[in-house]
Amino acid sequence: MQFSYEVKDTYAEVKSVGRLNMVAAPKLREMVNAVVAGGSSRVVVNLAGTDFMDSSGLGALIGCLKATRQAGGDLRIAGVQPQVKMVLELTNMDRVLTAYPTAEAAFGND
C-alpha cells in the first residue's frame, strides 16, 4: 500500500494505492495524523487506487474521521471502488462516510 498527500486550497487529499488491510491501516492513520498536525483538518481520502478494504481499513478510516473532527475539520472519501463500497454498505458506514465521485467534489460546495 502506498500513500501520498497533497495540500490543496481548502483541503488536503490523501491518495491510497493498493489494499487497505491490517498491514496498511496504521500507515493511513499516521499519514492523516501528520496531515492534521500540519494544519489541514479537512481531508479527502482518495480511494480510486484501492480495490480492497477489510475491517482494519474501515477502522482506520473511522479513526481518521475522529482525528479530523477533533481538529475542527472533517474527513471525506472519494473514488470508492466496488469492493470498498460493499464493505461500507454492509457495515452501514456509508451513512457516516459519504462517498464522493472525486476528491474535488468532496469539499467542492463547502
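The values are calculated or read from the model by the stated rules, or taken from the named source; none is laboratory data. A quick note: this is a predicted structure, and the numbers were derived from the prediction, not measured. Using ideal geometry, Cβ is built from the backbone for each residue, glycine included, and neighbour counts are taken over all protein chains shown. All accessible areas refer to the heavy atoms of the entire protein, side chains included, with ligands and DNA or RNA removed. Shrake-Rupley method; radii C 1.70, N 1.55, O 1.52, S 1.80 Å.
Take the conditions of a type in the set (Lys, Arg) and under 11 Å from residue 12 (Cβ atoms) and apply them to residue 42. Does it pass? So residue 42 passes the test.
Got at least one residue in the stretch 84-101 being surrounded by fewer than 19 Cβ atoms within 10 Å (Cβ to Cβ), in a strand (DSSP E or B) and modelled with pLDDT under 95? Within the stretch 84-101, one or more residues are surrounded by fewer than 19 Cβ atoms within 10 Å (Cβ to Cβ), in a strand (DSSP E or B) and modelled with pLDDT under 95. Of the candidates 36, 45, 32, the single residue that is within 10 Å of the chain's Cα centre (by Cα) and farther than 17 Å from residue 83 by Cβ is 32. Within the stretch 76-84, one or more residues are in contact with an Asp or Glu (Cβ under 9 Å, 6 or more places away or on another chain) and within 16 Å of residue 5 (Cβ to Cβ). With a requirement of 1 or more residues that are open to solvent by less than 20 Å² (accessible area, probe 1.4 Å), closer than 25 Å to residue 95 by Cβ and aliphatic (A, V, I, L, M), the strands (runs of 3 or more DSSP E) lying completely within the stretch 1-73 that satisfy it span 12-20, 42-53.
Every listed requirement among (1) under 16 Å from residue 70 (Cα atoms); (2) in contact with a Ser or Thr (Cβ under 8 Å, 6 or more places away or on another chain) is met by residue 7 save one, (1).
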